[in-house]
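Visitor: Handing you a structure now.
The values are calculated or read from the model by the stated rules, or taken from the named source; none is laboratory data. The structure presented is a predicted model; accordingly, all values stated were derived computationally and were not measured. Note: ideal-geometry Cβ built from the backbone for every residue, glycine included; neighbour counts use all protein chains shown. Just so you know, the surface numbers come from the protein's heavy atoms only, side chains and all, with ligands and any DNA or RNA stripped out. Shrake-Rupley method; radii C 1.70, N 1.55, O 1.52, S 1.80 Å.
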Amino acid sequence: MPLVQENVSLKPYNSFGIPVNARFFVDVDTEDGLQDLLSSGQAENQELLVLGGGSNILFTKDFQGLVIKVSIRGISHLADSEQVIVTAGAGVVWNDLVTYCVSNGFAGMENLTLIPGTVGASPIQNIGAYGVELKDVFHSCKAYNIKTGASKAFTFDECHFGYRESSFKKELKGQYIISSVNFKLNKSAVVNTSYGAIEAELLARKISTPTIADVSSVVAAIRVSKLPDPSTIGNAGSFFKNPIISVAEYTEIARSFPDLVHYPVGQTHIKLAAGWLIEQCGFKGIVVGQTGTWKNQALVIVNHGAATGQEVYSFSERIIATVYNKFSVKLEREVNIL
Ligand SMILES: Cc1cc2nc3c(=O)[nH]c(=O)nc-3n(C[C@H](O)[C@H](O)[C@H](O)COP(=O)(O)OP(=O)(O)OC[C@H]3O[C@@H](n4cnc5c(N)ncnc54)[C@H](O)[C@@H]3O)c2cc1C
């Protein structure tokens, strides 16, 4: 039975580095341990937080309930001549899984190189980067119902993936703990280099027929140059989602801002670049007390060392209000606020 500790600092467990405490904290590293915990009744009648790497969370106050840190490890695979099913424990570090797949020649997740966090959190917001989303490689996952302790396999269709969305963030919110995820990858590599920055970096490296290892290496280099490393400066990556608006709304805004950065989403909608909107409001690289935005990417809010969660949250409110006043676009937070 995993040991439940009291009054544990969550500072090492969130990439913003916010110094809050959890009233109760338990680290679960096996499925049996998870089952034991759920059947012990200790997870009942109190607020619960399932925690992976804490890289998509902003704590604004102490957590008064039980934090369940999921550390279930293990990666294995089953292959036929064409396809591979890779299974990883929810506590596996996401990038360790990407490295495993790339080094074994399993194609599909190389564009998702260096995204922080764990495998178990990857379906929650359908992580994505450089033209690929988790849903493109997701096969199924196993999860435990927090109330009943029963396990269930979720198929792709049951997860209702969308842009930074899944059923685990909506209708199933707070109901399940994912213990492992199965991924469907290819043995024959069809690399996705459609993203401008990838193409440019491949060109700079004089690589004309990239392997998945090349794409992974290029994505890693781009990310390191653009994003702050949470081990040196606290952050949770993109703080806001890119807003998706109707074509009619876009046309209206573009009348006043003809250089509005945008990408079509099907025939009826347009995705705006939240980072561009924030930058146009003069926020890129600004420092406000202990918080601010990253110098190379306005979409990333950072902790300059001693920020409180409240300070970061208030700053995000200011960004939302300013962007709304200028563009009439309401930014939505990607980061989970607690
Ligand atoms: C520098 C940086 C860059 C980033 N870049 C990207 C990017 O390119 N694309 C992208 O999509 N994201 C990005 N992120 C955000 C983050 O990496 C992802 O959201 C990641 O999936 C979070 O994983 P985690 O284990 O840290 O989750 P946590 O922050 O611990 O949790 C996130 C959510 O998932 C839930 N959760 C976690 N584990 C489980 C589980 N086993 N079962 C059920 N629920 C669970 C939590 O309760 C919470 O609601 C970035 C973050 C940083 C710091």
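Visitor: Calculated FRET efficiency, Asn45 and Phe156, Cβ-Cβ r, R0 25 Å, to nearest 0.05?
Guide: 0.15
Visitor: Among the complete DSSP H segments of the chain, which ones combine at least 24 Å of alpha-carbon extent along their axis with a mean Kyte-Doolittle hydropathy of -1.0 or more?
Guide: 309-327
Visitor: As a test question: what accessible area, to the nearest 10 Å², does Ile270 have when a 1.4 Å probe is rolled over all protein chains in place?
Guide: Rounded to the nearest 10, that gives 20 Å².
Visitor: Here's a follow-up. Is it possible to state the helix-based mean residue ellipticity at 222 nm for the chain, with each DSSP H run of 4+ residues giving -39500 (n - 2.57), the sum divided by total residues, to the nearest 500 deg cm²/dmol? What is it?
Guide: Mean residue ellipticity, 222 nm, calculated: -7500 deg cm²/dmol.
Visitor: Semi-axes, largest first, in whole Å: what does sqrt of 5 times each Cα gyration tensor eigenvalue give for the stretch 164-299?
Guide: Details: eigenvalues 149, 107, 94 Å².
Each semi-axis is the square root of five times an eigenvalue, giving 27, 23, 22 Å.
Visitor: Ignoring ligands, DNA and RNA, please state the percent of accessible area on the chain from carbon and sulfur, probe 1.4 Å.
Guide: Roughly 50 percent, rounded to a whole number.
Visitor: Here's another thing I want to ask about it. I want to verify a result. In a Gaussian network model of the chain, Cα cutoff 10 Å, which of these has the top mean-square fluctuation: Ala274, Ala129, Ala248?
Guide: Ala248
Visitor: What number in nm² do you get for the stretch 28-94 if you take the convex hull of its Cα atoms and divide its surface by four? Present the calculation step by step, with values, prior to reporting the outcome.
Guide: Details: hull surface 24.3 nm².
Mean projected area for the stretch 28-94: 6.1 nm², to one decimal.
Visitor: If the reach is capped at under 17 angstrom between alpha carbons, list the lysines near Lys142, excluding any in the same chain fewer than eight residues apart.
Guide: List returned: Lys69, Lys152, Lys169, Lys173, Lys184.
Visitor: Under the rule that an exposed site lies in a DSSP loop and has at most 16 other Cβ atoms within 10 Å, name the longest stretch of the chain with no trypsin sites (Lys or Arg not before Pro) of that kind, not counting the sites themselves.
Guide: 207-294
Visitor: In square nanometres, what is one fourth of the surface area of the convex hull spanned by the alpha carbons of the stretch 90-199?
Guide: Details: hull surface 27.8 nm².
Averaged projected area of the stretch 90-199's Cα convex hull equals 6.9 nm².
Visitor: Follow-up. Tell me the chymotrypsin sites (Phe, Trp or Tyr not before Pro) within the stretch 136-202 that lie in a loop according to DSSP and have at most 16 other beta-carbon atoms within 10 Å.
Guide: On the way: sites: Phe138, Tyr144, Phe154, Phe156, Phe161, Tyr163, Phe168, Tyr176, Phe183, Tyr195; in loops: Phe161, Tyr163, Tyr195.
Those satisfying the criteria are Tyr163.
Visitor: Using 0.36 nm per residue of separation minus the Cα-Cα distance, give me the extension gain between Thr232 and Val93 in nm, one decimal.
Guide: Here the answer is 48.2 nm.
Visitor: Between Lys295 and Phe257, what length comes free when the chain is fully extended (0.36 nm per residue of separation minus the Cα-Cα distance, one decimal in nm)? Don't skip to the answer; put the middle values down first.
Guide: On the way: separation 38, 0.36 × 38 = 13.68 nm, distance 2.34 nm.
Gain on stretching Lys295 to Phe257: 11.3 nm.
Visitor: Which order do you get for Met109, Met1 if you rank them by accessible area with a 1.4 Å probe, largest at the top? If you can, show how the numbers build up before the last one.
Guide: Working: Met109 0, Met1 115 Å².
Listed by decreasing accessible area, they come as Met1, Met109.
Visitor: Which cross-chain or sequence-distant (5 or more) residues have an amide H under 5 Å from the amide H of Leu49, H modelled 1.01 Å from N in plane?
Guide: The list, which skips near neighbours in sequence, is Leu66, Val67, Ile68.
Visitor: Which Cα, out of Leu112, Ile18, Val102, lies furthest along the positive dipole direction of the stretch 1-117 (beta carbon charges, K/R +1, D/E -1)?
Guide: Toward the positive end, the furthest listed residue is Ile18.
Visitor: Let me ask something else about it. To the nearest 20 Debye, how big is the dipole of the stretch 1-107 about its Cα centre, given +1 on the beta carbon of each Lys and Arg and -1 on that of each Asp and Glu?
Guide: For this selection, approximately 440 debye.
Visitor: Can you work out the FRET efficiency for the pair Ile85 and Ser188, with r the C-beta to C-beta distance and R0 = 22 Å, to the nearest 0.05? Each step should come with its number before you reach the end.
Guide: On the way: r = 16 Å, r/R0 = 0.71.
That pair, Ile85 with Ser188, gives E of 0.90.
Visitor: How much length is gained on full extension from Ser103 to Asp62, taking 0.36 nm per residue of separation minus their Cα-Cα distance? Kindly include the intermediate steps, with their values, before the conclusion.
Guide: Values: separation 41, 0.36 × 41 = 14.76 nm, distance 4.08 nm.
That pair, Ser103 and Asp62, stretches by 10.7 nm at full extension.
Visitor: Here's a follow-up. Which FRET efficiency, nearest 0.05, do Ala204 and Asp32 yield, Cβ-Cβ r, R0 51 Å?
Guide: On the way: r = 50 Å, r/R0 = 0.97.
So, using R0 = 51 Å, E works out to roughly 0.55.
Visitor: Determine ³J(HN,Hα), in whole Hz, for all residues of the stretch 269-279 in sequence, where each value follows from phi through the Karplus function 6.51 cos²θ - 1.76 cosθ + 1.60 and θ = phi - 60°; x replaces Gly and Pro.
Guide: After applying 6.51 cos²θ - 1.76 cosθ + 1.60, I find 10, 9, 9, 9, 8, 4, x, 5, 4, 5, 4 Hz.
Visitor: A further question follows. If I model the chain as equal point scatterers sitting on the Cα atoms and use the Debye formula, what is log10 I(q)/I(0) at q = 0.10, 0.12 Å⁻¹?
Guide: The calculated log intensity ratios at q = 0.10, 0.12 Å⁻¹ are -0.64, -0.93.
Visitor: Lys and Arg at +1, Asp and Glu at -1: add these up for the other residues within a Cβ distance under 10 Å of Lys187 and post the number.
Guide: Working: positive: none; negative: Asp80, Glu82.
Residues near Lys187 contribute -2 overall.
Visitor: What does the charge dipole of the chain about its Cα centre add up to, to the nearest 20 debye, if the Cβ of each Lys and Arg holds +1 and the Cβ of each Asp and Glu holds -1?
Guide: Dipole of the chain, to the nearest 20 debye: 640 debye.
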